[in-house]
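Structure first, commentary second.
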Amino acid sequence: MKVLVVEDEKPIASFVRNGLEEQGYTVDLCHNGHDGLTLAMSRSYDAVVLDIMLPGRDGLSILKLLRQRNDPVPVIIITSRGEVEERVEGLNLGADDYLAKPFYISELIARLQSVFRRSMASGGQTLEVENLCIDLMTRQVRRGGEEIILSPREFNLLVYLMRSPGRVFTRTQILEQVWEYHFDPGSNLVDSCVRRLRQKVDQGHELQLIETIRGVGYRLRSSQPQGESVA
Ligand code: CA
């Protein structure tokens with residue numbers, strides 16, 4: 001299970017990370033709201049532990065954006081003592097649970113297990129755009145009911161595009177997020193992967209979902225209205 005922890009108080013953040021890692025979770029940690037949002041949108045997590053008061057961008061606005069994008073990732077918000085309004089607002093915005101500081105790590109683990117159980121029971125996490133659907137738990141991809149078999153890289157690229165339908169990603173962004181390359185390998189890795197993905201996803205369909213934006217990059221076509229831009 002992979003968890004994103006967004007918490008600016010470094011002692012609490014390390015305490016949470018160590019506690020979760022001891023229990024076998026994989027943890028990504030960041031200390032400000034901008035990085036938190038970027039990670040939450042570009043990678044696939046089983047849950048997000050989100051502090052409310054953060055430098056850069058507050059936790060509630062991150063939660064709001066994720067839910068506007070129909071991202072069903074389970075979110076547990078962390079509030080400080082007395083932040084009752086924030087807690088209520090967080091739950092109204094679609095947080096799955098909350099914890100008030102100070103808390104024991106065992107409490108957080110119990111909440112996480114409970115949101116995982118609920119998320120599995122509701123059929124796991126899915127991403128859907130038009131008639132294309134990904135089940136993130138089983139990694140099954142379907143278009144119009146027909147199963148599509150993807151390589152792990154093609155799968156990660158498709159998830160990346162589908163998390164933000166309509167948004168254009170440059171080749172550099174895709175290389176960084178899907179390949180985790182922070183340099184230009186001097187080849188057309190991205191273009192080749194997009195070409196293979198397109199053959200599998202779009203061939204035989206009237207609506208071409210994977211769109212090339214000439215001179216810029218790629219995006220997943222969406223007829224849905226866009227939320228706030230975070231680029
Ligand atoms: Ca804080």
Requested in this report: Go through the range 27-69 and give me each residue that's in contact with a strand residue (DSSP E or B) (Cβ under 6 Å, 6 or more places away or on another chain) and either over 20 Å from residue 85 (Cβ atoms) or open to solvent by 10 Å² or more (accessible area, probe 1.4 Å) (or both).
Outcome: 27, 28, 29, 30, 36, 39, 40, 45, 46, 47, 48, 49
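Run down 80, 106 and say which single residue is of a type in the set (Gly, Ala, Ser) and within 16 Å of the ligand (Cβ to nearest atom). So that I can check it myself, show each step before the final result.
Details: 106 fails: within 16 Å of the ligand (Cβ to nearest atom).
Among 80, 106, only 80 is of a type in the set (Gly, Ala, Ser) and within 16 Å of the ligand (Cβ to nearest atom).
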Query - Answer from 43, 69 - the residue that is more than 16 Å from the ligand (Cβ to nearest atom), closer than 27 Å to residue 129 by Cα, out of contact with any Asp or Glu (no Cβ under 9 Å at 6 or more places or on another chain) and among the charged types (D, E, K, R) - result: 69
Requested in this report: Quickly run through the range 80-120 and pick out the residues that are part of a loop (DSSP other than H, G, I, E, B), within 18 Å of residue 12 (Cα to Cα) and either touching a helix residue (DSSP H, G or I) at 6+ places or on another chain (Cβ under 7 Å) or not small (Gly, Ala, Ser) (or both).
Outcome: 81, 83, 101, 102, 103, 104
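Quickly run through the range 85-115 and pick out the residues that are touching a Pro at 6+ places or on another chain (Cβ under 7 Å) and either modelled with pLDDT under 90 or of a type in the set (A, V, I, L, M, F, W, C) (or both). Spell out the reasoning first.
Just the residues of the range 85-115 that are touching a Pro at 6+ places or on another chain (Cβ under 7 Å), to begin with: 96, 115.
Within the range 85-115, 115 is the sole residue that qualifies.
The values are calculated or read from the model by the stated rules, or taken from the named source; none is laboratory data. Computed from a prediction, not measured in an experiment: that's the story for all the values here. In this analysis, Cβ positions are derived from the backbone assuming ideal geometry, glycine residues included, and neighbour counts consider all displayed protein chains. The area values use the complete protein model at the heavy-atom level, side chains included, leaving out ligands, DNA and RNA. Shrake-Rupley method; radii C 1.70, N 1.55, O 1.52, S 1.80 Å.
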